Amino acid sequence: MTSDPQALAEAAAASMYEADSCSRWLGMTIDAIAPGYARLSMPVRDEFLNGHGICHGGLMFTLADSCFAFACNSHNINTVAAGCSIEFLKPVRGGDVLTAEATEQVLSGRHGVYDIRVTNRDGEVVAMFRGKSAQIKGHVVPPPEAG
């Protein structure tokens, strides 16, 4: 394994995606990954609509949460959510495509803060998510050999 941060981020994302049956089942794809950054997209299927005929907030949350996970694990240290919140800003209709973009705001010691913008196909912000991460023991993929 390489010590190149971009290559580590890509390897960690590939490993996590392979093990993440939920994100795959929901149709999420990883569109971009970098250290401290991820962009995922997900089509809004009819099964995602609630009783008002709009995308269920829990599924928008799940997309943002998955994007958060890929961003905070991109440093190849096992990292979990310590807390998060979401603000729903616009309704989303079936057939749309949602894109979540996570950006690391701060990484200090074992903790990080990430902001995730969720946009619709037209680029309108439909939700904002903020997550706090906590690093735990281990690595997503084997770390590079010390040389």
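Coordinate-derived values only; no laboratory data. From a predicted model like this one, the values you see are computed outputs, not experimental measurements. Neighbour counts run over all protein chains shown; Cβ positions are idealised from the backbone, glycine included.
Restricting attention to region 1-26, the residues being crowded, with 16+ Cβ neighbours inside 10 Å, within 18 Å of GLU145 (Cα to Cα) and in contact with a Leu (Cβ under 8 Å, 6 or more places away or on another chain) number 0.
Among the residues of region 121-142, the one identified as touching a Lys or Arg at 6+ places or on another chain (Cβ under 7 Å), within 18 Å of SER41 (Cα to Cα) and not aliphatic (A, V, I, L, M) is GLU124. Residue pairs whose Cβ atoms lie under 7 Å apart, sitting 6 or more positions apart in sequence or on different chains, and linking a residue in region 81-94 that is touching a residue at least 40 places away in the same chain (Cβ under 8 Å) to a partner that is in a strand (DSSP E or B) and among the aromatic types (Phe, Trp, Tyr), are CYS84/PHE129; ILE86/PHE129.
Scanning region 27-60 for residues that are among the acidic types (Asp, Glu) and touching a residue at least 40 places away in the same chain (Cβ under 8 Å), we see that the one that is surrounded by the most Cβ atoms within 10 Å (Cβ to Cβ) is ASP31.
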